[in-house]
Amino acid sequence: MAGPLAGIRIVEFAGIGPGPFCGMMLADHGAEVIRIDRATGGRGGSTPVSQKDVLGRGRKSIALNLKSGEGIALARKLAASADGIIEGFRPGVMERLGLGPDVLLADNPKLVYGRMTGWGQTGPYAPYAGHDINYIALAGALAHFGRAGEKPTPPINMVGDFGGGGMMLAFGMVSALLAVANGGKGQVIDAAMTDGTAVLMGMIHGMKNMGVWSEELGANMLDTGAHYYDTYETADGKFVSIGSIEPQFYAELRRLVGLAEEPAFDAQMDRRAWPDLKARLAEVFAAKTRDEWDALMEHTDVCYAPVLTMSEAAEHPHNRARETFVEVAGDMQPAPAPRYSATPTDRPVPAPMPGDDTDAVLAGLGMDEGEIATLRESGAVG
């Protein structure tokens, strides 16, 4: 793989959601990521994986039977050859397998040991199950997603799993790998989705501390309270978005929608006026189709964009010009981001099926065909 992380080896213990997203980020940017899938003896892994799985792209896969001593020994040997590992089990699982930080850091003192959980490795909630919706609720984020008079609405699982979880772990992995490169020791990263989500709310906490953010749902500039920062339905049942916060952008919005001469819109920052102004804007946007608004407002400083589905986004001229989406094995996927001038990344390759690379990975650890055959016969690998 090409990219700024070329030459880095990461071992990923197969999981779901934020752990694989972290592995995808590292693989996208050039790291060699070897996923350990579970084998129960013989070929195959315990988790069905599709080559259409975007989060699994760019990997190699080895299937190990982690219920066998030989399988555990192979996992330790692989971790000893790596710069970092990623695991997303509940606290204590890796220790019970004999693959906890004390063991693997003793084998490889330079190892960066990344741990991805919802609640963290410590704290009263740590041993218990949860999902994104629960993590962002406890972190004080979910209460602020939604419209006035309605219940909080989870933004699918973008905030906890991926923003506060997988992305934070990827950042932590790279930071710790840089520390090792600068002469430091290996270490453990405790990446909790609750902690990461709280950090993502940093600006909102700052606004609250300054007295410019209300904890009332849907009452603020950025949470659909304001008429100039919201989505509006168009004549054809589609939607557009506007974010005309600054006075010059707001003036351009008024000009293009034909409201420049309506004095009520002079009160842009008067929160008491927002509901009536929003109702008026809704009438205006409902009078034209989304395509008609695109023709009028795209490529202006209104701060405007059509609200696109995933399929529509892949076909939009701006995204096509930047190759924001790429075709991988016949399917459209988001391209690696961000972009680099000196170390460009490769086009992603499809996710492997469990055990696709078992022989190649073992050969890379110095094992010959006879040793690999013996391991297969014993059920240690799949």
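The values are calculated or read from the model by the stated rules, or taken from the named source; none is laboratory data. Predicted model, so just to flag it, every value in this text is computed and none were measured. Ideal geometry is used to build each Cβ from the backbone, glycine not excepted, and the neighbour counts take in all protein chains shown. Only protein heavy atoms, including side chains, enter the accessible area calculation; ligands, DNA and RNA are left aside. Shrake-Rupley method; radii C 1.70, N 1.55, O 1.52, S 1.80 Å.
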Exercise for the section: Tally the residues that are of a type outside the set (S, T, N, Q), in contact (Cβ under 8 Å) with a residue 40 or more places away in the chain and surrounded by fewer than 22 Cβ atoms within 10 Å (Cβ to Cβ), restricting the search to region 141-161. Expected result: 9
Exercise for the section: Tally the residues that are among the acidic types (D, E) and surrounded by 19 or more Cβ atoms within 10 Å (Cβ to Cβ), restricting the search to region 196-223. Expected result: 1
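Confirm whether D301 is of a type in the set (D, E) and crowded, with 16+ Cβ neighbours inside 10 Å.
Numbers: of a type in the set (D, E): yes; crowded, with 16+ Cβ neighbours inside 10 Å: no.
Judged against the criteria, D301 is not a match.
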Problem - Filtered residue count, region 73-103, keeping only those that are more than 19 Å from G15 (Cα to Cα) and either open to solvent by less than 10 Å² (accessible area, probe 1.4 Å) or in a loop (DSSP other than H, G, I, E, B) (or both) - result: 2
Exercise for the section: Grab the helices (runs of 4 or more DSSP H) fully contained in region 313-382, keeping just those with 3 or more residues being within 18 Å of I10 (Cα to Cα) and open to solvent by 50 Å² or more (accessible area, probe 1.4 Å). Expected result: 358-364
Exercise for the section: Could you run through region 12-31 and say how many residues are in contact with a Ser or Thr (Cβ under 8 Å, 6 or more places away or on another chain) and more than 21 Å from S50 (Cβ to Cβ)? Expected result: 2
Fill in the blank from the handout: The lone condition A179 fails out of (1) crowded, with 18+ Cβ neighbours inside 10 Å; (2) farther than 18 Å from F21 by Cα is (1)
Problem - Whichever residue in region 1-48 is out of contact with any Leu (no Cβ under 7 Å at 6 or more places or on another chain), among the basic types (K, R) and surrounded by fewer than 20 Cβ atoms within 10 Å (Cβ to Cβ) and, among such residues, is modelled with the highest pLDDT - result: R9
Practice task
Please find, among M332, M353, the residue that is modelled with pLDDT under 95 and closer than 15 Å to D53 by Cα.
Solution key: M353
Practice task
Under 9 Å between Cβ atoms, at least 6 apart or on separate chains: pull out the pairs that start in region 42-64 with a residue that is within 13 Å of G17 (Cα to Cα) and end on any residue that is modelled with pLDDT of 95 or more and of a type in the set (S, T, Y).
Solution key: V49/S61
Problem - Condition check for V174: assigned to a helix (DSSP H, G or I), among the hydrophobic types (A, V, I, L, M, F, W, C), under 18 Å from C22 (Cβ atoms) and open to solvent by 40 Å² or more (accessible area, probe 1.4 Å) - result: yes
Completion exercise
Restricting region 177-215 to residues that are touching a residue at least 24 places away in the same chain (Cβ under 8 Å), more than 17 Å from the chain's Cα centre (by Cα) and in a helix (DSSP H, G or I), the one nearest to K151 (Cα to Cα) turns out to be I204
Problem - Residues satisfying the stated conditions in region 323-344, i.e. out of contact with any Pro (no Cβ under 9 Å at 6 or more places or on another chain) and either small (G, A, S) or free of Cβ contacts under 8 Å to residues at least 12 places away in the same chain (or both) - result: E327, G330, A337, P338, R339, S341
Practice task
Looking only at region 139-171, count how many residues are within 22 Å of T224 (Cα to Cα) and in a helix (DSSP H, G or I).
Solution key: 7
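Could you tell me whether region 112-134 includes any residue that is surrounded by 22 or more Cβ atoms within 10 Å (Cβ to Cβ), among the hydrophobic types (A, V, I, L, M, F, W, C) and more than 30 Å from W213 (Cα to Cα)?
Residues of region 112-134 surrounded by 22 or more Cβ atoms within 10 Å (Cβ to Cβ): 112-119, 132.
Okay, now just the ones that are also among the hydrophobic types (A, V, I, L, M, F, W, C), so 112, 116, 119.
Remaining after also requiring more than 30 Å from W213 (Cα to Cα): 112, 116.
Yes, region 112-134 contains at least one residue that is surrounded by 22 or more Cβ atoms within 10 Å (Cβ to Cβ), among the hydrophobic types (A, V, I, L, M, F, W, C) and more than 30 Å from W213 (Cα to Cα).
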Exercise for the section: Could you tell me which of the residues R280, R254 is in a helix (DSSP H, G or I) and open to solvent by 60 Å² or more (accessible area, probe 1.4 Å)? Expected result: R280
